[in-house]
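Participant: One structure follows; several queries about it will come next.
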Amino acid sequence: VNFELDDDQRAAAAGARAFFTGSASAADARRALDGAPVAPGRAALAGIGFLGITVPEAAGGAGSSVLDLAVVAEQAGAVLAGPSLGTAARAAVLLADHPDLLAALADGSTAFAVLDGAGPAIDAAGADIFLALEDGALVLGPGEVSTGIPMDATRGLGSVRLTSRRVLAEDAGARWARARSVAQVVLAAEDLGAAGRAVQLGVEYAKVRTAFGRPIGVEQLRSLVWWAAWAVDAAPEELPLAAAAASAFAAETLERAAETCIQVHGGIGFTWEHDAHLYWRRAKVDRLLLGDEAEQLDTVAGLVLAGGLAR
Amino acid sequence: MDFDDTPDEAAYRTRVRALLAEHAADLVHLDAGEEASDAGHQEPALRRTQRVLAEAGLIGVSWAREHGGQGGTPAQQAIVDQELTRARVPTLINHIGLGMCGPTVVAHGTPEQHERYLARLLRAEDVWCQLFSEPASGSDLAALRTTAVREGDEWVVNGQKVWTTLAHVADHGILLTRTDGNRPKHAGLTMFIVDMHAPGVTVRPLKQLGGQSDFNEVFFDDVHIPDSDRLGEPGEGWRVALTTLLNERVAVGGRGNDLGLSIESLAGLAAERVPQLPAERQVLARQALGRAAVAALANRYTGYRRYTAISRGGLPGPEAGAGKLAGTAAARLVADAGVRLLGDDAVYSRGPDGDDGRWQRNQAWLPGIAIAGGTNEVLRNIIGERVLGLPPEPREDKTAPFNAGSRS
């Protein structure tokens, strides 16, 4: 057993931290609520290669693992970066048989978003083209986006109606499920970064002793995220359980960290100018994306009842 | 990152399994439905079980050879732990000695003490207990009042300890005492090894919430301890005790092990009971099962990470307290989901129609586990101060002489 990042992954985390702290911030997330573009934005993410981390090298990506991506995604989450690396990772799984589309994903020349029925889709605002599952087939096409007033503008949420489509693959149900699990894992990794930062904000502010023991949840979440990200490539049979567990735990952990962060700050934490609410917004939105906690817990229960606790 | 055994680990596991099969006739095994924590009543058989395991090289696996151990790796120790569970061998009778007292003697003992005590501890020739808490000092351990006064080459001990697991069968204990009341409370403490059969030691079992008697109160009336059984320097008792407490928090949940009934046990019960529930109750039961499973998995995988860190030479630090907090929280979710699945039997300690009562026993056991080794509140304080670096609250009692009376 060896449950630790390797030196390359630690170096990648340090590099990602440098990139994201220099290119996105909670202040950017606040400006995005007033209509400014999401930071660092697709072009910058493509430029540093983060949209292609899991895209094969032949298609212009890095050909790396989802675990490698999760390490980067944690740093993205810490500064509330957008668009989500989960969107790119999900699209990379769906487009695996289409090198030309994969190349356009990795180099940022096409903005993909992935739809879950008619519900709000991550990074739909500003996307050029959409991937969807219709009658078991994977389809691709342009669409009309409708959106509400964003709670967390960095997520680019919108509902999409496809205006035309072409079929990329029939009988794509299994690939679709795997792609969705991958997106759950990467989103959970972003939530891990956000939760860690929310705790840090609270701790830095706390001038009096308090039972602010929330990193307990953050470290537990880290374990589930790493397990799930590892399982994507190394133990696919464990992925559905691991992804649902990580997703459910991420929702709860980030929400608690963000709520507590505000509480610890007192009145200042409730102001628009303070960063606390931006993490709170991310928490309130992410907990509902790619299935809410009730759905994830039911998925876990179903897998456990079916004998899924193999390891 | 890899969760599978390395070739070396797999070979070792095979050898451990073979040894456990070879010696099966000489080992106590749990009955169906019996849990590891239920077996404390068969003392002689449990002592023999540990001795047989020790002779087979399966006790003190990661202890140094000079201390009577096997000089193995933490990974090998974890494999033995897993295989003992798999073979349904109950909790080792000397688990307090192996998990807490032994590592403390190793860290702070003299070569003579190592020689005298460690090999016998490993073979359960001596069972050990840990004499820390007192009626007036549990969470505030450093406020303890049991005194040790030096008389020539001996120390004379008077006072009372409480919540002492295994004291009723123990041969030795590590005993934290106050030797200088004129110094601040943490600075006036000294640790000893005490012979539990010495004149003046009286053990009285306490009946627990669940009806069992695993722990005790222990009285010391003019008990004489030779200075050669002092563990660490006079006044250094707090530092010695911290070694014990860190090991305890790792032992209680910090390894990511299940506390009480496992999530697999809950899965088995749920597979049987959930389909019998009305549809709207199934939805709720599945939510509870899912929540418990997620918490238990988070705890288990966090244990793997801590274990990886330790196997690379890291030491258990104050963050082990977080593992204990999370472990007990997960165990409570598992226990509650299990009890609720019992339906009408849940209102009995054992239901009338074939219920074995293990979920109710589990429920009644967990409140104690949540206290042992530091309550949740104490652990949160430790995490706040030592992991997060939050400023401690002003505490006069840390600097004023203990006898001056600030004993809150």
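The values are calculated or read from the model by the stated rules, or taken from the named source; none is laboratory data. These numbers were taken from a predicted model, which means no experiment stands behind them. Note: ideal-geometry Cβ built from the backbone for every residue, glycine included; neighbour counts use all protein chains shown.
Participant: Being touching a residue at least 24 places away in the same chain (Cβ under 8 Å), of a type in the set (A, V, I, L, M) and under 21 Å from A:ALA62 (Cα atoms) is the filter; apply it to region A:1-46 and report the residue that is nearest to the other protein chains (Cβ to nearest Cβ).
Facilitator: A:LEU5
Participant: Which count do you get for residues in region B:338-392 that are more than 14 Å from chain A (Cβ to nearest Cβ) and over 28 Å from B:MET100 (Cβ atoms)?
Facilitator: 19
Participant: Now for a different question. Hey, among the residues in region B:178-200 that are within 23 Å of the chain's Cα centre (by Cα) and part of a strand (DSSP E or B), which one's farthest from B:GLU233 (Cα to Cα)?
Facilitator: In this case the residue turns out to be B:ASP195.
Participant: Follow-up. Sort out which residues of region B:229-248 are under 18 Å from B:THR146 (Cβ atoms), in a helix (DSSP H, G or I) and acidic (Asp, Glu), and write them in order of number.
Facilitator: B:ASP229
Participant: Filter the helices (runs of 4 or more DSSP H) completely within region A:223-307 down to those with at least 2 residues that are more than 14 Å from chain B (Cβ to nearest Cβ) and small (Gly, Ala, Ser).
Facilitator: A:276-286
Participant: To continue, here is another question. Kindly evaluate B:LEU289 against the criterion of being surrounded by 24 or more Cβ atoms within 10 Å (Cβ to Cβ), more than 24 Å from the chain's Cα centre (by Cα) and at pLDDT 90 or above.
Facilitator: Considered against the rule, which asks whether it is surrounded by 24 or more Cβ atoms within 10 Å (Cβ to Cβ), more than 24 Å from the chain's Cα centre (by Cα) and at pLDDT 90 or above, B:LEU289 comes out as yes.
Yes/no matrix, rows are residues, columns are (1) closer than 30 Å to B:ASP26 by Cα; (2) out of contact with any helix residue (DSSP H, G or I) (no Cβ under 7 Å at 6 or more places or on another chain); (3) of a type in the set (A, V, I, L, M, F, W, C):
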position	(1), (2), (3)
B:ILE59	yes, no, yes
B:ILE93	yes, no, yes
B:ASP126	yes, no, no
B:SER137	no, no, no
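For (1) touching a Cys at 6+ places or on another chain (Cβ under 9 Å); (2) in a helix (DSSP H, G or I), each residue gets a yes or a no:
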site: B:ALA75; (1), (2): no, yes
site: B:THR91; (1), (2): no, no
site: B:LEU118; (1), (2): no, yes
site: B:GLU125; (1), (2): no, no
site: B:SER139; (1), (2): no, no
site: B:ARG150; (1), (2): no, no
site: B:THR165; (1), (2): yes, no
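Participant: Identify, by number, the condition in (1) outside any loop (DSSP other than H, G, I, E, B); (2) touching a Ser or Thr at 6+ places or on another chain (Cβ under 7 Å); (3) within 9 Å of another protein chain (Cβ to nearest Cβ); (4) modelled with pLDDT under 90 that A:PHE212 doesn't meet.
Facilitator: Status for A:PHE212: all satisfied but (1).
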